[in-house]
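The values are calculated or read from the model by the stated rules, or taken from the named source; none is laboratory data. What you see is a predicted model, and the numbers here were worked out from it, not measured in a lab. Glycine also receives a Cβ, built like all others from the backbone with ideal geometry; neighbour counts cover every protein chain displayed.
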Amino acid sequence: MHPDFDSHRLADEQVDDLLDDLEIRCAADVTAARDMATVRRRVRVEVRPGNASERVGPPNSGDTTELRSQVVTAVTPLPVMVGDVCHVTFDRDQLDLAPELAICDRCTMLGDSQFEVRLKFVREIALPSHLAK
């Protein structure tokens, strides 16, 4: 053990204060970076199974809350299983984007018939230039 170790030891309160400060700074940086790359726009979206043979039934229709080149977050009336591959279609009148395949990486229950799903696109999409901030 280094002889000066005990003289440089931080008190528990100091450690907690420094960790709180680090957490606040890191969270702010992550939030700021996410906000710069995120389009917050409500667009009608349909989520269906990724397999073409399973897209026969009615879609799980919802509205987007966030849209990035790699991820879309939407609120839907039905859950989507984490890991499921989905066919995502946007309302072309609201947002002119071609249908895309995406993998569900989060599904949160907001209520009995309301779920927030986050879908990560299989390939990065190009958002229309008028959506850029």
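If you take just the strands (runs of 3 or more DSSP E) that sit entirely in segment 84-133, which of them hold at least 3 residues that are of a type outside the set (A, V, I, L, M) and more than 14 Å from the chain's Cα centre (by Cα)?
In segment 84-133, 85-90 are the strands (runs of 3 or more DSSP E) which contain 3 or more residues that are of a type outside the set (A, V, I, L, M) and more than 14 Å from the chain's Cα centre (by Cα).
Residue 16 versus (1) modelled with pLDDT under 75; (2) under 22 Å from residue 122 (Cα atoms): which is the lone unmet condition?
Failed condition: (2).
Would you mind telling me which numbered condition in (1) at pLDDT 95 or above; (2) surrounded by 15 or more Cβ atoms within 10 Å (Cβ to Cβ) residue 39 fails?
(1)
Can you pull out the residues in segment 91-130 that are farther than 19 Å from residue 70 by Cβ and surrounded by 14 or more Cβ atoms within 10 Å (Cβ to Cβ)?
Scanning segment 91-130 gives 91, 94, 114, 115.
Which residues, taken from segment 56-90, are more than 19 Å from residue 124 (Cα to Cα) and surrounded by 14 or more Cβ atoms within 10 Å (Cβ to Cβ)?
Across segment 56-90, the qualifying residues are 59, 60, 61, 62, 63, 75, 76, 78, 79, 80.
Of these, 75, 82, which one is aliphatic (A, V, I, L, M), free of Cβ contacts under 8 Å to residues at least 40 places away in the same chain and farther than 18 Å from residue 128 by Cα?
Criteria check complete, one pass: 82.
Can you tell me which residue in segment 60-72 is farthest from residue 128 (Cα to Cα), limited to those that are in a strand (DSSP E or B) and either outside the structural domain of residue 86 (by TED's automatic domain parsing) or polar (S, T, N, Q) (or both)?
Looking only at segment 60-72, we keep the residues that are in a strand (DSSP E or B), and these are 60-67, 71-72.
Filter once more, keeping what is either outside the structural domain of residue 86 (by TED's automatic domain parsing) or polar (S, T, N, Q) (or both): 60-61, 64-65.
Working: 60: 24, 61: 22, 64: 16, 65: 17 Å.
Looking at the filtered set, the residue picked out is 60.
If you go through segment 38-59, how many residues are more than 16 Å from the chain's Cα centre (by Cα) and either assigned to a loop (DSSP other than H, G, I, E, B) or among the aromatic types (Phe, Trp, Tyr) (or both)?
Taking segment 38-59 as the starting set, the residues that turn out to be more than 16 Å from the chain's Cα centre (by Cα) are 44, 46, 48-59.
Retained after the next criterion (residues that are either assigned to a loop (DSSP other than H, G, I, E, B) or among the aromatic types (Phe, Trp, Tyr) (or both)): 50-51, 55-59.
Of the residues in that region, 7 qualify.
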